[in-house]
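Engineer: Pasting in a structure now, in structure tokens, and then I'll have a few things to ask.
The values are calculated or read from the model by the stated rules, or taken from the named source; none is laboratory data. Everything numeric here is computed off the predicted structure, so don't read it as measured data. A quick note on method: Cβ atoms are made from the backbone with ideal geometry, for glycine too, and the neighbour counts reach across all protein chains shown. Note: accessible area is taken over every heavy atom of the protein model, side chains too, but ligands, DNA and RNA are not part of it. Shrake-Rupley method; radii C 1.70, N 1.55, O 1.52, S 1.80 Å.
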Amino acid sequence: MSEKLWGGRFEKSTDEMINDFQASINFDKRMYREDIEGSTAHAKMLAAQGIISDDDAKKICAGLQKILEQIDAGEFKFSVALEDIHMNVEKALTDMIGEAGGRLHTARSRNDQVALDTHLYMRRQVREIQKLIIALQTELINAAEKNRDVILPGYTHLQRAQPILFAHHLLAYFAMLQRDYSRFSGVYERADMMPLGAGALAGTTFPINREFVAHELNFGAVYANSLDAVSDRDYLMEFLSAASILMVHLSRLSEEIIMWCSREFSFVELDDAHCTGSSMMPQKKNPDVPELVRGKSGRVIGHLMALLTTVKALPLAYNKDLQEDKEGVFDALDTVKFSLAVFAQIVAGMKVRRDNMRRAVEEDFSNATDLADYLVKKNLPFRQAHAVSGKLVHHCIERGIYLKDLSLDEYKSFSPLFEADIFDAITPETCVAARNSLGGTSPQQVDAQIKAARLWISER
Ligand code: ARG
């Protein structure tokens, strides 16, 4: 006969390789705290409903507490033969307290148990991710404030487009992270649903009280349908998609930092402590961290695709395929948390090369729109103003100079509307200050963004 907790109907014990193949203990053991919390709440409910005795429930809760301490202290021996965290804990409990341990699984299946553990685990993890998002956002605002007057060319098509405040650029990422934060709040809400009591799939014949368990574990809602409760992995798909979008944001910032670190841009320099050298080329200082974050975004997106594909054609209710949800989710969790943490450091340690940004914005035509706008303000239709400005740019390119280098007479030969104030109208400072429309790059708008950002953070 098999020695498994479910071994009754088996004549043979499980093949060793099959055991290894189907066991999940090596990765689901990280949910031990949640498994024990869930079982404790379940035992209390069973006693409150008169399904088991108070005495048995006390023994169960005390035993579970001891097991928690053993695992915390690294003294617990996990067994692959016991498949998963649920049976490892239950077996240890029964070995410790005897018959009462065998009553714990009354009115419960591993199908609703694993769902409960994962919901509890995700709730906790999502909050940690949100804290890390805030920490990175704080560094972005700090850097924006510290470099509040720094101007650089903004780009479209990776061609210099219009002058912007560097702070404005950083705050764009703040805004993306703000939406990421709110996406994770949505994940939290969906994880905050209590599946226990679904049994294997159909509910249970015992007079359980699911609200009691939900209250014990501080859940906001209870799954209304038992089949749904054990089959739902939506909240994990949502988590992976929120994680993927977040990683895409970090990957875009990574890409920019990598470019900015290049000799060609030289807009920023990373702290020595955050870079590595080359084993062959003595001069190298490589931006490995943003490169790795950019690379790891692919991995998280992969986990999202894997889970969507796994669940896509699964019939209700539980199928072992669903055990495949965990490794990808756990890896995505670790990747996102680590990436956010290192990124906060990267931003905090990043030196801004304001002189190089200045040179870039001086030695280009990113003020050509402002030249056209100048004429529009003198009542020339925008299309004509655009043409005049374009001709002036062409003229400068031919001569190897910039708009600020032209004389007033030259300007006047292109349009009689030009006057001496044209020179002031096209300095980077004027160009930036003039974009004072709501959400624009003017110092006034950027200060308002910084203020709103600080307020938002203080409310979290
Ligand atoms: N280890 C399993 C999982 O992660 C637990 C549920 C197993 N249920 C079952 N009937 N085999 O999904």
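Engineer: In segment 1-47, what residues are within 13 Å of the ligand (Cβ to nearest atom) and not in a helix (DSSP H, G or I)?
Structural biologist: If the condition is that a residue be within 13 Å of the ligand (Cβ to nearest atom) and not in a helix (DSSP H, G or I), then Lys4, Leu5, Trp6, Thr14, Ala23, Ser24 are the ones that fit.
Engineer: Can we say Arg123 is closer than 23 Å to Asp234 by Cα, crowded, with 20+ Cβ neighbours inside 10 Å and more than 16 Å from the ligand (Cβ to nearest atom)?
Structural biologist: yes
Engineer: Please work out which residue is surrounded by the most Cβ atoms within 10 Å (Cβ to Cβ), limiting yourself to segment 396-417 and to residues that are assigned to a loop (DSSP other than H, G, I, E, B) and hydrophobic (A, V, I, L, M, F, W, C).
Structural biologist: Leu406
Engineer: Going through segment 41-56 one residue at a time, which ones are farther than 17 Å from Thr204 by Cα and without any contact (Cβ under 8 Å) to a residue 40 or more places away in the chain?
Structural biologist: Ser53, Asp54
This table checks each residue for (1) within 16 Å of the ligand (Cβ to nearest atom); (2) in contact (Cβ under 8 Å) with a residue 40 or more places away in the chain; (3) over 22 Å from Ala200 (Cα atoms); (4) open to solvent by 20 Å² or more (accessible area, probe 1.4 Å).
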residue	(1), (2), (3), (4)
Gly63	no, no, yes, no
Lys66	no, no, yes, yes
Glu90	yes, yes, no, yes
Ile97	no, no, yes, yes
Thr106	no, yes, no, yes
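Engineer: With the checklist (1) at pLDDT below 95; (2) touching a helix residue (DSSP H, G or I) at 6+ places or on another chain (Cβ under 8 Å) in hand, flag the one item Asp364 doesn't pass.
Structural biologist: (2)
Engineer: Condition (residue is farther than 19 Å from Val268 by Cβ and in contact (Cβ under 8 Å) with a residue 60 or more places away in the chain) applied to segment 136-159: is it met by at least one residue?
Structural biologist: no
Engineer: Still on this structure: Mind checking which pairs have a first residue in segment 317-334 that is farther than 22 Å from Phe184 by Cα and of a type in the set (Lys, Arg) and a second that is within 11 Å of the ligand (Cβ to nearest atom) and part of a helix (DSSP H, G or I), Cβ under 6 Å, 6 or more apart or different chains?
Structural biologist: Here the result reads none, with nothing in segment 317-334 linked to a residue that is within 11 Å of the ligand (Cβ to nearest atom) and part of a helix (DSSP H, G or I).
Engineer: Take Ser24 and tell me if it is among the hydroxyl-bearing types (Ser, Thr, Tyr), open to solvent by less than 10 Å² (accessible area, probe 1.4 Å) and touching a residue at least 24 places away in the same chain (Cβ under 8 Å).
Structural biologist: The answer is yes for Ser24.
Engineer: Ok, one more. Gly295 is checked against (1) surrounded by fewer than 16 Cβ atoms within 10 Å (Cβ to Cβ); (2) in contact with a helix residue (DSSP H, G or I) (Cβ under 7 Å, 6 or more places away or on another chain); (3) free of Cβ contacts under 8 Å to residues at least 40 places away in the same chain and fails just one. What number does that condition carry?
Structural biologist: Unmet condition: (2).
Engineer: Moving on to the next point. With the condition being hydroxyl-bearing (Ser, Thr, Tyr) and open to solvent by 10 Å² or more (accessible area, probe 1.4 Å), I'd like the helices (runs of 4 or more DSSP H) fully within segment 188-286 carrying at least 1 qualifying residues.
Structural biologist: 226-231, 234-261
Engineer: Take the residues in segment 437-460 that are polar (S, T, N, Q) and open to solvent by less than 60 Å² (accessible area, probe 1.4 Å); name whichever of them is nearest to Thr138 (Cα to Cα).
Structural biologist: Checked segment 437-460; the qualifying residue nearest to Thr138 (Cα to Cα) is Gln449.
Engineer: Moving on. Tell me, please, whether a residue that is buried (at least 21 other Cβ atoms within 10 Å of the Cβ) and not small (Gly, Ala, Ser) can be found in segment 156-163.
Structural biologist: Yes.
Engineer: Next question, about the same structure. Residues that are in contact with a Leu (Cβ under 6 Å, 6 or more places away or on another chain) and charged (D, E, K, R): does segment 61-73 have at least one?
Structural biologist: Among the residues of segment 61-73, not one is in contact with a Leu (Cβ under 6 Å, 6 or more places away or on another chain) and charged (D, E, K, R), which makes the answer no.
Engineer: Still on this structure: For Val352, only one of the following conditions fails: (1) away from the ligand (no atom under 16 Å from the Cβ); (2) open to solvent by 50 Å² or more (accessible area, probe 1.4 Å). What is its number?
Structural biologist: Condition not satisfied by Val352: (2).
Engineer: Where the second residue is of a type in the set (Asp, Glu) and the first is at negative phi and lies in segment 163-188, which pairs have Cβ atoms under 7 Å and are six or more apart or on separate chains?
Structural biologist: Pairs found: Gly186/Glu238; Val187/Glu238.
Engineer: List the pairs whose first member sits in segment 350-367 and is on the phi < 0 side of the Ramachandran plot, whose second member is of a type in the set (Asp, Glu) and open to solvent by 40 Å² or more (accessible area, probe 1.4 Å), and whose Cβ atoms are under 8 Å apart, counting only residues at least 6 apart or on separate chains?
Structural biologist: Met350/Glu269; Met350/Asp271; Lys351/Glu269; Lys351/Asp271; Arg353/Glu269
Engineer: Can you tell me which residue in segment 31-61 is surrounded by the most Cβ atoms within 10 Å (Cβ to Cβ), limited to those that are closer than 23 Å to Arg124 by Cα and of a type in the set (Lys, Arg)?
Structural biologist: The residue in question is Lys44.
Engineer: Also, quick follow-up: What number of residues in segment 298-327 are surrounded by 17 or more Cβ atoms within 10 Å (Cβ to Cβ), near the ligand (Cβ under 9 Å from one of its atoms) and either among the hydrophobic types (A, V, I, L, M, F, W, C) or not in a loop (DSSP other than H, G, I, E, B) (or both)?
Structural biologist: 5
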